[in-house]
Amino acid sequence: MNFLVSVIIINYKTFDLLKNCLQSLILNHNKINYEIIIVDNDSKDNAIDNLKSIYPDVRIVQLSENIGFSRANNIAAKQAVGDYFLFVNSDVLFIENSIDKMLNYYINGKNIGILGPKLLNLDYSFQLSAGKLPNFFVEIKDKIIYSICKKSKYFNSLVERIFFDKISEVEWVTGACMLIDRDTYYQVHGFDENFFLYFEDKDLCARVRALNKKIIYYPETSVIHLLGGSSRQKHTKEVKDIYRNSQIYYYKKHLNCFHNKLLKLYLSKNA
């Protein structure tokens, strides 16, 4: 395959995670043509400079402020020359040639807009990373399922076998590892920069689906995702506030008055 893939990674004070991500990516991929672009959201960490000597071919864009996940990805995309963009979190580890497999399926599929692999926890247990787009009832259902999956390995494995063991069309896949072709990305004008962090991947999937293109969950390959690794350095309350702001914006943008009122009531009771 002669297509060029632009691998885009956003970093914010996650140097060790980023270094491990890069090592795993380069180790497992030698059959495809790709470039790597890292955008550093003003980590104020001189360690990022070390990457330039370790990986001279990696392009590093250093920003003077933390502008958030969506804006940083859009900046990287403007500089990317790839036919396809692979957005990857810094807390992802590649354990096989996942990009090759994802790209091959994407290219040979019909009307695919976005494709995401299976995500695994560090112990190789299944991690939920795809599903139906949010509304109030879907979020409550998902919250219950996520909670039980975390507590019960048996239930987690059961959910994987029943719902997430086959290639399927879904409504969203996580932005932790997401493949999209350049034309589709620019048809929807990239990530919505009103999302600082969280829900930007679901919003992107919703807009790609509006083009009548498919969102594909592709469990024929897996990556490890150190869930929340890229936001662990933030204070819990700050993360919660960012999440809620993105959630409220997503509801206003995509959902009707009924679901917005339910969310407002729910948040008032759980403040």
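The values are calculated or read from the model by the stated rules, or taken from the named source; none is laboratory data. All values reported here derive from a predicted model rather than from experimental measurement. Backbone-built Cβ (ideal geometry, glycine too); neighbour counts: all protein chains shown.
Some points to look at:
- Some residue of region 2-10 being in a strand (DSSP E or B), surrounded by fewer than 19 Cβ atoms within 10 Å (Cβ to Cβ) and in contact with a strand residue (DSSP E or B) (Cβ under 8 Å, 6 or more places away or on another chain): yes
- Residues satisfying the stated conditions in region 198-213, i.e. hydrophobic (A, V, I, L, M, F, W, C) and either surrounded by fewer than 21 Cβ atoms within 10 Å (Cβ to Cβ) or at positive phi (or both): PHE199, ALA206, ALA210, LEU211
- Test: residue in region 180-196 that is loosely packed, with under 13 Cβ neighbours inside 10 Å, modelled with pLDDT of 95 or more and under 22 Å from PHE126 (Cα atoms): no
Rundown of residues vs (1) within 27 Å of ASP100 (Cβ to Cβ); (2) of a type in the set (A, V, I, L, M, F, W, C); (3) out of contact with any helix residue (DSSP H, G or I) (no Cβ under 6 Å at 6 or more places or on another chain); (4) assigned to a loop (DSSP other than H, G, I, E, B), yes/no style:
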residue: LYS31; (1), (2), (3), (4): yes, no, no, yes
residue: TYR34; (1), (2), (3), (4): yes, no, yes, no
residue: ILE37; (1), (2), (3), (4): yes, yes, no, no
residue: LYS52; (1), (2), (3), (4): yes, no, yes, no
residue: ASP57; (1), (2), (3), (4): yes, no, yes, yes
residue: GLU65; (1), (2), (3), (4): no, no, yes, yes
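- Condition met for SER246 (modelled with pLDDT under 95, in a helix (DSSP H, G or I) and not β-branched (Val, Ile, Thr)): no
- The one condition in (1) out of contact with any helix residue (DSSP H, G or I) (no Cβ under 7 Å at 6 or more places or on another chain); (2) at pLDDT 95 or above; (3) surrounded by fewer than 21 Cβ atoms within 10 Å (Cβ to Cβ) that GLU171 fails to fulfil: (1)
- Qualifying residue in region 55-64 (condition: closer than 20 Å to TYR198 by Cβ and either in contact (Cβ under 8 Å) with a residue 24 or more places away in the chain or acidic (Asp, Glu) (or both)): yes
- Of SER129, SER64, SER147, SER98, all but one fail to be under 19 Å from the mean Cα position of the chain (by Cα) and either acidic (Asp, Glu) or farther than 23 Å from LYS31 by Cα (or both); the exception is SER129.
- Pick from region 111-138, criterion without any contact (Cβ under 8 Å) to a residue 40 or more places away in the chain and either of a type in the set (Ser, Thr, Tyr) or buried (at least 18 other Cβ atoms within 10 Å of the Cβ) (or both), ranking: farthest from GLU96 (Cα to Cα): LEU128
- Any chance TYR251 is under 21 Å from the mean Cα position of the chain (by Cα), assigned to a strand (DSSP E or B) and either modelled with pLDDT under 95 or within 26 Å of TYR185 (Cα to Cα) (or both): no
- Residue in region 70-84 that is in a strand (DSSP E or B) and more than 14 Å from LEU18 (Cβ to Cβ) present: yes
- The set of residues in region 211-229 that are modelled with pLDDT of 95 or more, not in a strand (DSSP E or B) and not hydrophobic (A, V, I, L, M, F, W, C) comprises ASN212, LYS213.
- Scan of region 52-74 for residues that are among the hydrophobic types (A, V, I, L, M, F, W, C) and in contact with a strand residue (DSSP E or B) (Cβ under 6 Å, 6 or more places away or on another chain), ordered by number: VAL58, ILE60, VAL61, PHE69, ALA72
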